[in-house]
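Student: Below is one structure. I have some questions about it.
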Amino acid sequence: SSSDVSFDLELDGFFTENGGGYLSNDTELHLPLDQNRTLMAVFTPNSQNLLPTEINQNTILTAANSPYIALADLTVRPNVSLSMEPGAEIQLAEGASIYINGQFSANGNEDLPVTIRGIGVNGRWGALCFENTTAPSSFSYMRIDGATTGADAVRFKAAVSIGMIIVGRLR
């Protein structure tokens, strides 16, 4: 049980001394520790709250299904919105950033802020990067923990950064 990682745990044990076979497939395993034993945990990811690398359709992240996990950069495509309702949380892998080309709405409240942070206790992640967005974005009561810079630290050098590409000539 952990407050910063969400997963279901199933423990299966097996004998290797007698050619294999599970000790148990019950929800509880009682194993006397009266001699040296080696236990190996094999985890499989729970993709229920795993975010894709691209948001291609309007998406709402809810508090009830939080935290949402991003293992790589997350891009919100042009003309698409990503919304976080009060209490929703995104956790990002080390160095992963959120790139907004569409619209981002993260409006928490005083009692239920929205949170974007790295995975783990001291998790460091990239940045929230707005680039050539197709619609206005808004955020309030948003908590950002562990942010660093975007992959292009010259253009995205802060926890929340805005980058623009100007096409044409200025007169």
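Student: Within the range 48-74, can you find the residues that are under 12 Å from the mean Cα position of the chain (by Cα) and either at positive phi or hydrophobic (A, V, I, L, M, F, W, C) (or both)?
Tutor: Scanning the range 48-74 gives LEU50, LEU51, LEU61, ILE69, ALA70, LEU71, ALA72, LEU74.
Student: Among the residues of the range 121-132, is any more than 27 Å from ASN79 (Cβ to Cβ) and at pLDDT 90 or above?
Tutor: Within the range 121-132, one or more residues are more than 27 Å from ASN79 (Cβ to Cβ) and at pLDDT 90 or above.
Student: OK, next. Looking only at residues that are open to solvent by 10 Å² or more (accessible area, probe 1.4 Å) and aliphatic (A, V, I, L, M) in the range 88-128, which one is nearest to ALA158 (Cα to Cα)?
Tutor: Across the range 88-128, the extreme among qualifying residues is ALA93.
Student: Answer yes if at least one residue in the range 75-87 is more than 18 Å from the chain's Cα centre (by Cα) and either at pLDDT below 90 or crowded, with 17+ Cβ neighbours inside 10 Å (or both), and no otherwise.
Tutor: Taking every residue of the range 75-87 in turn, at least one turns out to be more than 18 Å from the chain's Cα centre (by Cα) and either at pLDDT below 90 or crowded, with 17+ Cβ neighbours inside 10 Å (or both).
Student: Related question: How about the range 149-163: which of its residues are touching a strand residue (DSSP E or B) at 6+ places or on another chain (Cβ under 7 Å), under 15 Å from GLU94 (Cα atoms) and either hydrophobic (A, V, I, L, M, F, W, C) or open to solvent by 50 Å² or more (accessible area, probe 1.4 Å) (or both)?
Tutor: Within the range 149-163, ALA159 is the sole residue that qualifies.
Student: Right, another one. Which condition number in (1) out of contact with any strand residue (DSSP E or B) (no Cβ under 9 Å at 6 or more places or on another chain); (2) under 22 Å from LEU51 (Cα atoms); (3) among the hydrophobic types (A, V, I, L, M, F, W, C) is the one that MET142 fails?
Tutor: Every condition holds for MET142 apart from (1).
Student: Which ones in the range 103-121 are part of a loop (DSSP other than H, G, I, E, B) and not aliphatic (A, V, I, L, M)?
Tutor: GLY108, ASN109, GLU110, ASP111, PRO113, GLY120
Student: Which condition number does GLY95 fail, the rest of (1) modelled with pLDDT of 95 or more; (2) within 20 Å of GLY163 (Cβ to Cβ) being met?
Tutor: The one condition GLY95 does not meet is (1).
The values are calculated or read from the model by the stated rules, or taken from the named source; none is laboratory data. No experiment lies behind these values; they were computed from the predicted model shown. Positions of Cβ are generated from backbone atoms using ideal geometry, with glycine treated the same way; all protein chains shown enter the neighbour counts. In case anyone asks, the SASA skips ligands and DNA or RNA and just uses the protein heavy atoms, side chains included. Shrake-Rupley method; radii C 1.70, N 1.55, O 1.52, S 1.80 Å.
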